[in-house]
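What follows is a single structure, written as structure tokens, with notes after it.
The values are calculated or read from the model by the stated rules, or taken from the named source; none is laboratory data. Small disclaimer: the values here were computed from a predicted structure and weren't measured. Cβ placement follows ideal geometry from the backbone for every residue including glycine, while neighbour counts extend to all protein chains displayed. With ligands, DNA and RNA removed, areas are computed over all heavy atoms of the protein, side chains included. Shrake-Rupley method; radii C 1.70, N 1.55, O 1.52, S 1.80 Å.
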Amino acid sequence: MFKVLQSKAVVSLARRAASNEVSFQSKEYKLHKLDNGPSTQVSISRDDALKFYQQMQLIRRMESAAGNLYKEKKIRGFCHLYSGQEACAVGIKAAMTDGDAVITAYRCHGWTYLLGSTATQVLAELTGRISGNVHGKGGSMHMYTPNFFGGNGIVGAQQPLGAGVAFAMKYRNQKNVCVTLYGDGAANQGQLFEAANMAKLWNLPVIFVCENNGFGMGTAVERSSASTEYYTRGDYVPGIWVDGMDVLAVREAFRWSKKYCDEGRGPLMIELATYRYSGHSMSDPGTSYRTRDEIQQVRKTRDPITGFKDRILSSNLVTEDELKAIDKTVRSEVDDAVTHATTDGVLPAEALYTDLYANTPAQLVRGATAEETFAQPFLRTEDLLKSMGQA
Amino acid sequence: MAASSLALKTAVRLPARRFASHFTYQPSVAPASLGAERTKMNLCQAVNNAMDIAMGTDQSALVFGEDVAFGGVFRCTVGLQDKYGKDRVFNTPLCEQGIAGFAIGVATIGSTAIAEIQFGDYIFPAYDQIVNEAAKYRYRSGGLFSCGGLTIRATCGAVGHGALYHSQSPEANFTHTPGLKIVVPRGPIQAKGLLLSCIRDPDPCIFLEPKVLYRQAVEEVPSGDYSIPIGKAEVLKTGKDVSIVAWGTQVHVVSEAAKLAEEKLGVSVEVIDLQSIQPWDEDCVAESVTKTGRLIISHEAPLNSGFGAEIASTIQKRCFLSLESPIERVCGWDTPFPHVYEPFYLPTVWRVFDAIKKTVKY
């Protein structure tokens, strides 16, 4: 059912060494119960620079489009934008290797894109159309691709799931990690502590990632958390604080962490210090618990895209024209996605009944006609799509 | 819809704009006994007003939950912190199990805890605390302790676009647990009176607020301190041919269907707002069905093991010899609450109308 439409494979080490490469100094990491940590000397190749720029720009542009579609009432219900946090997902993705898994919370659009979906699939899912990532059955927060176990609509529910995924990896002797993300708000869910205990008890290759954007919905971290040092809150789980606005620092930290887990020493708890420009969701203007000045200040001084752009331009790694060309393709890709997401059809009504159970004969579902039960014509959305010639 | 038409092989084209809501709000008029002075309020303001009165009259009353300090996502608690201070109105971390357990502790020592769970769908992390701790405290301590001061407010129901985790109606998950009281208001007047009853009730209460009504439902609400008793249903419209029981938003759906049935079919429908789901007013429903001989129950939650099943079972026993047709249930289908399929999922006016037709012509 899920097709990986594009392979965004990680650039190999050899290629990186062969191309133009520059080094930068990243902010100091803070370590918890670790003797050493990732290097603050981070380098990047031309190809990677262009790729990271493209990915971050596309996510930013796609989220702006989602926000506009919401305001036009073409996206209904819920919608949580990732703008400001792009370096987190792009940096982590850059350090991932085949077979690594990700599970996150509701702010999942960028991740869905990075892990194999197109901008069209993301936006069409938000508008509930057939070309959506899960054909409109999930909508906001519920998007999935192979090895991406989703967005999740319940605060903190993904945390123990990530530990379970990591256990399976360990059991199968895979050299893989499960990146398990949550926000500073969900860091206070009891499930995290239950999951951390199991993960450490069994040394699971899970990297718990707290994307600390400063606010759990409308409450600042200082008002919700007895300790805001989220990288230390796993107690016996070692942790690292990372500047989440620096895509290179994030990538470096996750390369290091992956190696650490591959050596059988997992889990880890990483805090990415980041910021969200929009409100928690579309119903939150995001200005009642912080000042507009504060948001402007972050945009000016810490923006993950602007900062990265300055670095790669001033070091002559890439040219202004190259970045402009990327901006242009990103714009047209997102514009196309918007058009598609607003004109595509929706699955026919019987999709209401598909995917209820997997391994039983067609269920009699009450409903469909006013007084009768109804045998599901299709058990799975996949079968329904096949019958429509769309699979 | 005929079964054959279901083998549709093409994608459905969406209309340019979807319908704003699946019902028309039918405002109520408060009886004179609730006081002469009235204020125009929507459901959100009525809930706010009830909490304001409860806090003003009970120094031990506390309001807490996610983001409630500045009003909460739905603005129901707006202004309460300014008026009663940060000690009495405060934000909690995002941890529903913690909120519920904390509230039970607060209530067990004798204070009044008004806890907000932002969405009924998020109440499940708190389910253990509510079912195993709150509901059984009195029973298991032989009456030494209780957490009667506990009221959990949560939003519920369809809102047009809420999808899987912002639309559910979890009342039946809780009616299976003795020790809890569950109330769902249909509008501002009821919300204020019933919430005050819940807050002051000596047993733990779950108060489910249909979020789609927060702004849409506007009524002239009595300004004073009044309560509406828990456990009493209200007959909104008398009739002689068929009784319909509903609660929350669905009251407005069935009222509209009742009107339609009178116009188009000449059928006289009695409409009952159950409003209190546990304990529920068996006598009121039984009396009505004894008169009409027919019963339809309608709720948004799925049919299977919904509270309609409990009503149907009780009424068929109490009214067996009066029944002229099988009891009908018009409910959500047995699927997760769907995203784009919400219009197909809901027990709409047309489905209720159809049930009236079938019941009367049985």
Check: For the range B:323-362, list residues with backbone N below 15 Å from a point placed 7 Å from the Cα of A:Leu364 toward its Cβ?
Finding: B:334
Next item on the list: Using only Cα atoms, locate the centre of the range B:173-204 and the centre of the range A:142-200, then give the distance between them in Å, rounded to an integer.
Entry: 36
Note to self: Per q in 0.17 Å⁻¹, report the Debye log10 I(q)/I(0) for the range B:37-222, using one uniform scatterer on each alpha carbon and no solvent.
What the structure shows: -1.05
Note to self: Quick check: pseudo-label points 7 Å beyond the Cα along Cα→Cβ at A:Trp202 and B:Thr24, how many nm apart are they?
What the structure shows: 5.8
Note to self: Please enumerate, by chain and number, the aspartates and glutamates with C-alpha under 12 Å from the C-alpha of B:Lys181, excluding those fewer than 8 residues away in the same chain.
What the structure shows: B:Glu171, B:Asp201, B:Asp203
Check: Accessible area lost on pairing A with B, both sides, 1.4 Å probe, Å² to nearest 100?
Finding: 4300
Margin query: What translational diffusion coefficient, to the nearest whole µm²/s, does chain A have by Stokes-Einstein, given a Kirkwood radius computed over alpha-carbon pairs, a temperature of 20 °C and 1.002 mPa s viscosity?
Written below: 98
Checklist line | Alpha-carbon Rg/Rh ratio, for the range A:154-229, with Rh computed the Kirkwood way | finding: 1.03
Next item on the list: Any lysines with Cα under 21 Å of the A:Lys170 Cα? List them, leaving off those in the same chain fewer than 8 positions away.
Entry: A:Lys93, A:Lys200, A:Lys258, A:Lys259
Notebook entry, point to check: Which residues' amide hydrogens lie under 5 Å from the amide hydrogen of B:Val330, considering only partners 5 or more residues apart or on another chain, with H built in the peptide plane?
Noted result: B:Ile297, B:Ser298, B:His299
Notebook entry, point to check: If you count, for every residue in B:93-100, the Cβ atoms of partner chains within 10 Å of its Cβ, what is the mean?
Noted result: 6
Next item on the list: Within 10 Å, count the other beta carbons around each residue, average over each peptide in A:174-183, B:34-43, A:32-41, and list them highest first.
Entry: A:174-183, B:34-43, A:32-41
Check: So for the range B:234-360: antiparallel DSSP bridges make up what percent, rounded to the nearest 5?
Finding: 20
Note to self: At 1.4 Å probe radius, can you tell me the per residue accessible area of the range B:37-222 in Å²?
What the structure shows: 32
Notebook entry, point to check: On average, how many beta carbons from a partner chain sit within 10 Å of the beta carbon of a residue in A:66-77?
Noted result: 2
Check: Using the Cβ atoms and a cut-off under 13 Å, what net charge is assigned to the surroundings of A:Ala124, where Lys and Arg are +1 and Asp and Glu are -1?
Finding: 0
Checklist line | Theoretical ellipticity at 222 nm over chain B - DSSP helices of four or more residues, -39500 (n - 2.57) apiece, nearest 500 | finding: -9000 deg cm²/dmol
Notebook entry, point to check: In vacuo Debye scattering of the range B:234-360, one point per C-alpha: log10 I(q)/I(0) at q = 0.13 Å⁻¹?
Noted result: -0.45
Check: Put A:Thr301, A:Thr232 in order of accessible area, largest first, 1.4 Å probe: what do you get?
Finding: A:Thr301, A:Thr232
Margin query: Using a Förster radius of 22 Å, what is the FRET efficiency between A:Asp383 and A:Thr343 based on their Cβ-Cβ separation? Nearest 0.05, please.
Written below: 0.30
Note to self: Take A:Thr319 and A:Ser227, extend 7 Å from each Cα along the Cα→Cβ direction, and tell me the distance between the two endpoints in nm.
What the structure shows: 5.2
Notebook entry, point to check: What does the convex hull of the Cα atoms come to per residue for the range B:287-341, in Å³?
Noted result: 75
Notebook entry, point to check: A:Arg292 to B:Val78: FRET efficiency via 1/(1 + (r/R0)^6), r the Cβ-Cβ distance, R0 30 Å, to the nearest 0.05?
Noted result: 0.90
Margin query: Please report the net charge: other residues with Cβ closer than 11 Å to the Cβ of B:Gly248, K and R +1, D and E -1.
Written below: -2
Checklist line | Tensor-based shape of the range B:107-195 (alpha-carbon gyration tensor, a/c under 1.5 rounded, otherwise prolate or oblate) | finding: prolate
Next item on the list: For the range B:234-360, give the magnitude of the charge dipole about the Cα centre (Cβ charges: +1 Lys/Arg, -1 Asp/Glu; no others), in debye to the nearest 20.
Entry: 360
Note to self: Over the range A:81-164, what is the relative contact order in percent, taking alpha-carbon pairs closer than 8 angstrom and at least six residues apart?
What the structure shows: 30
Checklist line | Potential lengthening between B:Lys40 and B:Lys361 on full extension [0.36 nm per residue; Cα-Cα distance subtracted] | finding: 111.3 nm
Next item on the list: Place a label point 7 angstrom from the Cα of B:Thr238 along the Cα-to-Cβ direction, then list the residues of the range B:269-296 whose backbone nitrogen is under 18 Å away.
Entry: B:269-273, B:283-294
Margin query: From the helices alone, meaning DSSP H stretches of at least four residues, give me the mean residue ellipticity at 222 nm for chain A, per-run term -39500 (n - 2.57), in deg cm²/dmol to the nearest 500.
Written below: -12000 deg cm²/dmol
Next item on the list: Taking 7 Å along the Cα-to-C-beta vector as the label spot, tell me the A:Thr97-A:Asp310 distance in nanometres, rounded to one decimal.
Entry: 3.5
Check: Under a straight-distance cross-link criterion of Cα-Cα below 16 Å, which lysines are reachable from B:Lys192, leaving out those fewer than 8 residues away in the same chain?
Finding: B:Lys40, B:Lys211, B:Lys232
Check: Counting Lys and Arg as +1 and Asp and Glu as -1, what is the net charge of the other residues whose Cβ lies under 11 Å from the Cβ of A:Asp293?
Finding: +3
Checklist line | Measure of compaction for the range B:175-252 (Cα Rg per 2.2 N^0.38 Å) | finding: 1.17
Next item on the list: Restrict the search to the range B:16-76; then list the chymotrypsin sites (Phe, Trp or Tyr not before Pro) that DSSP places in a loop and that have at most 13 other Cβ atoms within 10 Å of their Cβ.
Entry: B:Phe19
Note to self: Over all directions, the average projected area of the alpha-carbon convex hull for the protein assembly as shown comes to how many nm²?
What the structure shows: 34.0
Notebook entry, point to check: How high is the relative contact order of chain A, given as a whole-number percent (alpha carbon pairs under 8 Å, six or more residues apart)?
Noted result: 20
Check: Just counting partner chain Cβ atoms within 10 Å, what average do the residues of peptide A:344-355 show around their Cβ?
Finding: 6
Next item on the list: Restricting to the range B:160-275, compute how many DSSP beta bridges are antiparallel as a %, nearest 5.
Entry: 25
Next item on the list: Could you tell me what percent of the DSSP beta bridges with both partners in the protein assembly as shown are antiparallel, to the nearest 5?
Entry: 30
Item checked: Relative contact order computed over the range B:37-222 (Cα-Cα under 8 Å; 6+ residues apart), in percent -> 28
Note to self: At 1.4 Å probe size, with the rest of the protein present, what percent of the exposed accessible area of chain A is carbon and sulfur atoms?
What the structure shows: 50
Notebook entry, point to check: Ignoring ligands, DNA and RNA, what accessible area per residue does the range B:234-360 give at 1.4 Å, in Å²?
Noted result: 36
Item checked: Efficiency of FRET between B:Asp87 and A:Asn68 - r from beta-carbon atoms, R0 25 angstrom, step 0.05 -> 0.05
Next item on the list: Using a 1.4 Å probe and counting only protein heavy atoms, arrange A:Lys258, A:Lys74, A:Lys324 so the residue with the most accessible area comes first.
Entry: A:Lys324, A:Lys74, A:Lys258
Notebook entry, point to check: What's the extension gain from A:Asn20 to A:Leu356 if we count 0.36 nm per residue and subtract their Cα-Cα distance?
Noted result: 115.7 nm
